[in-house]
C-alpha cells in the first residue's frame, strides 16, 4: 500500500519513514509527487484538526491515491495554549527553529509553570474526502535553555520526565516510541490495517 505524505518538512518526513519501518512495513510512505511545485494551501483553521483536514483535502485533488497531512505543535499552559497552531511560525512566517525557541524562552522568562504538551493530528483523505483523523499527545515541561542536538522544532526545550531527557537528546527511534506524532501515526496504521481486513 502506498500513502502519500503532504509535507516538505524534512524532520517530519524522517519520522514518517521511521514509522513504516517500525510499525507498518507493508505501507510505503512517499512524498506526494510534484509537491514542490504545488502552491501550499492557506492554513486558516482554528484547530490542529481543521488545518490537517484542509491540507489533506487540498492535496488529495492531485492524486487518486491515499494522502495524509498532519498539523502539530506545542501547547504551553502558562501561555494559554500558545504557540499552538502557530508553533512553526511563532516568531514570524519564515521563522527558523532557533528563532521560535528563543521567542518562547523570552515569553516564559521567570515563569514557574513550565507544563507543556506536543499535539499532532493526522488527516487521511482520498479523492477530496476526509476518511478519518488521528490524534496523539505527549506531556512534558519546558527547560530554560536548549539541551540536545537531535530532533527539530521545540525538541531541545521539551523535557520528557519518564525518560529524563529532552526530545532532542533521544534517538529518533526512542523519540518516535513516545512522541505525539508516533502515537497519531500508530493510530493511522491501525486503521489502515483494520480496513484492509
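What follows draws every value from the coordinates through simple rules; no lab data is involved. Keep in mind the model is a prediction, meaning the values are calculated, not measured. We place every Cβ from the backbone using ideal geometry, glycine too, and count neighbours over all the protein chains shown.
When only C-alpha pairs under 8 Å and at least 6 residues apart count, what is the relative contact order of segment 2-196, in percent? Before the final figure, lay out the partial values.
Details: 379 pairs, mean separation 38.5, N = 195.
So the answer I get is 20 percent.
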Say each of residue 112 and residue 14 gets a label point 7 Å from the Cα, pointing the same way as Cα to Cβ; how far apart are those two points in nm? 3.8 nm
Would you mind checking the tilt of helix 48-60 against the longest principal axis of the Cα atoms of the chain, expressed as 0 to 90 degrees and rounded to 10? 30 degrees
Can you give the three extents of the C-alpha atoms in segment 2-196 along their principal axes, from longest to shortest, in whole Å? 51, 32, 24
Per q in 0.28 1/Å, what log10 I(q)/I(0) does a Debye calculation on the alpha-carbon atoms of segment 1-66 return? -1.28
Round to the nearest 10 and give me the degree value, 0 to 90, for the angle of helix 97-107's Cα axis relative to the longest principal axis of the chain. 40 degrees
Given axes a ≥ b ≥ c from the Cα gyration tensor, I'd like to know whether segment 90-162 is rounded (a/c under 1.5), prolate (a/b larger than b/c) or oblate. prolate
Relative to the longest principal Cα axis of the chain, at what angle does helix 10-23 sit, 0 to 90 degrees, rounded to 10? 60 degrees
What is the Cα centroid distance between segment 25-103 and segment 106-178, reported in whole angstrom? 14 Å
